[in-house]
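Each remark here refers to the structure printed beneath this line.
The values are calculated or read from the model by the stated rules, or taken from the named source; none is laboratory data. This is a predicted model, so every value here is computed, not measured. Reconstructed Cβ throughout: ideal geometry from the backbone, glycine too, with neighbour counts over all protein chains shown.
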Amino acid sequence: MTQYILRRVLIAIPTLFVISFVIYAILSLAPGDPLAQFAANPAIPESTRALIRTQFGLDQPWPVRYARWLGQALQGNFGWSFATRSPVSDIIMQRLPQTLQVVGLAYLIAIAIAIPIGIISAVRQYSLFDQVATFFSFVGFSVPAFFTGLILILVFAINLKWFPIVYNTTLEIVSWETFVQQVRQMFLPVTVLVVQQTAALTRFMRSSMLDNLPLDYVRTARAKGLADRVVVLRHVVSNSLIPVVTLIALGIPTIFAGAIVTENLFRVNGLGALLITSIQNSDTPVVMALTFIFAILTVTFNLVADVLYGLLDPRVRYG
Amino acid sequence: MSEANQALDANVTSNTATRLQQLSSGIATGKPRTLLGDAWRRFRKHPLAIAGSFILVVFTLAAIFGPLIYTKNRDALDFVNILVPPGSPGFPFGSDHLGRDLLARSLYGGRISLAVGVVAMVIAIGLGTLVGAVAGFFGGRVDQALMRVTDLFLALPIVPLLLLTVYLFRDPVTRAFGQVLGIFIIVVTMIGALAWMQSARIVRASFLSLKEKEFVEAATALGVGKWPIMFRHILPNAFSPIIVAATLQVGTAIITESTLSFLGVGFPPDTPTWGRLVTDGSEYLQTAPHLALIPGGLIFLAVLSINFMGDGLRDALDPRSRL
């Protein structure tokens, strides 16, 4: 097992290097000058601009800049933001909790809803329940996240006025009332992500159950005289969960992408909202760090998925 | 015995009965059954897939011929009729904050959205098929290298990268090809270039098993070259999963494009793609909700139809897999 994990980690590390290199290359080769906003400002003469350029190291060729960036990034230093002139890592650390809160909660709820629905759908295949669940999961992954969000805002925030439209990030939980306020403002963004994720997970759980149900070990369990409940919940579900666990880990990057949309829709100032504003401001250091962090998340969760798969299914380890 | 098993048994009995019937009367009815005919018979049993295909045909025809029949100018301003609700005289879908006709804009937007979906799908599937076919057919080192590249692409953060590349390369490409065509080219290429991995895996898996079959051996013995064997002999046998993946890919590409437009990084502000219309409309959510709901509903309906059609095709062409 240790060998298997080690092999996976050894694949993951070069992957991250290549990805960071690719992102850096795209950013550097793209036309557009990060100091363009200074060029328009008459208060900053050409000589000052040249000075800033050397200070930031922008006069060096990009492979050199990449090597420097990488050396610093490995020590946790992602440079300084052009827009706010504060360390990128500080800005990201400020924003990370908001994103993790909404995304993490949404994912947990989605898993808690999707697995039971998938189980019932598979056991009662083609029943009314299954057909309704199937229909809704198709609806769930056909609707773009921003559209779900707009409908929820229209119905629950504008017409019914149950939840606030705009997320208040400065809210601190000090009392029961502020806690309720926090829950209310998280409700809509979390729901959007839950709709998106539940749909896919339900289908995966159902199809994995359907793969397992006709197998011999299920017949054996039934032949031993075990109750239907025990056969399904103990034997079939635990085996069906193996591929689903992998998909849960692999789905985490998707939900972060979904968070980019919801954060812009509800004005949650998390990482996704930061990415959009930084791209629009040509704030290259922040964009680079954020894209790289999304890459790290993707690669890390791929790794987690691989390791979990190896733990749960011994056949994979010796493949 | 569980319900699942009972259902299975019932199925088998009915199947045997029909087969017996076919055996006794089949020769009399004459017509031979074709693969395509079988697929169509299975597809027909899927009411939602039929409904989805019908809606898609209507949408496609509307996108192609709609602007020719409904000739109202999509950019004409009308400050007398600002934000009128759908169904008003002269404005079947209502109008926006500048009095522009939403139906004319939605028809034109459908053209762009559907074209983005189809072209991005062609790029993604073409690339995926090529990579998968080469990897699966040649195996060994080639396979390892290509699959490593595939894994690398799977680890890329797709949405941030799309936002980034479209934003960064927007200016030079639009200068070279014009506003709308330029953005169309970047959006479509980037969506295609970041979405081929799944089809590559599917095609590789089919090729790995198909290349060991006797008909490949026969073709090799007859002296057929490697590339003709790959694309003339093996590929047609791997079509079913590719067609299903291609269908679903169109839906994903439409959603991705509309998300980019929604985040303000897609087509220029005055180009009425469906995603862009939703973004612009979302500012009038309180006073004129139809502005966001109609184009959003069109995206949803188009993608839902595509997904149902893909599901029907999967049952029809690839009966063993189920998702």
Can you find a residue that is modelled with pLDDT of 85 or more, facing chain A (nearest Cβ under 8 Å), within 18 Å of residue A:140 (Cα to Cα) and in a helix (DSSP H, G or I) anywhere in the stretch B:276-286?
no
Against the conditions (1) surrounded by 16 or more Cβ atoms within 10 Å (Cβ to Cβ); (2) more than 11 Å from chain B (Cβ to nearest Cβ); (3) assigned to a helix (DSSP H, G or I), where does residue A:263 fall short? Just the number, please.
(2)
Can you spot a residue in the stretch B:236-250 that is closer than 30 Å to residue B:75 by Cα, within 14 Å of chain A (Cβ to nearest Cβ) and of a type outside the set (S, T, N, Q)?
yes
Would you check if residue A:132 is facing chain B (nearest Cβ under 9 Å) and at pLDDT 85 or above?
no
So in the stretch B:128-180, with the set limited to residues that are under 17 Å from residue B:199 (Cα atoms) and acidic (Asp, Glu), which one is farthest from the other protein chains (Cβ to nearest Cβ)?
B:143
Being away from chain A (no Cβ under 14 Å), among the aromatic types (Phe, Trp, Tyr) and assigned to a loop (DSSP other than H, G, I, E, B): is that true of residue B:207 here?
no
Considering residues that are assigned to a loop (DSSP other than H, G, I, E, B), within 10 Å of chain A (Cβ to nearest Cβ) and either within 22 Å of the chain's Cα centre (by Cα) or free of Cβ contacts under 8 Å to residues at least 12 places away in the same chain (or both), the number found within the stretch B:257-274 is 2
Scan the stretch A:202-229 residue by residue and report those that are within 35 Å of the chain's Cα centre (by Cα), aliphatic (A, V, I, L, M) and part of a helix (DSSP H, G or I).
A:205, A:209, A:210
Within the stretch A:291-312, tally of residues that are crowded, with 17+ Cβ neighbours inside 10 Å and either within 7 Å of another protein chain (Cβ to nearest Cβ) or among the polar types (S, T, N, Q) (or both):
6
Can you spot a residue in the stretch B:245-263 that is buried (at least 18 other Cβ atoms within 10 Å of the Cβ), hydrophobic (A, V, I, L, M, F, W, C) and over 30 Å from residue A:154 (Cα atoms)?
yes
How about the stretch B:287-316: which of its residues are in a loop (DSSP other than H, G, I, E, B) and under 26 Å from residue A:136 (Cβ atoms)?
B:289
Can you name the helices (runs of 4 or more DSSP H) wholly within the stretch A:69-176 that have at least 1 residues being small (Gly, Ala, Ser) and surrounded by fewer than 16 Cβ atoms within 10 Å (Cβ to Cβ)?
A:88-123
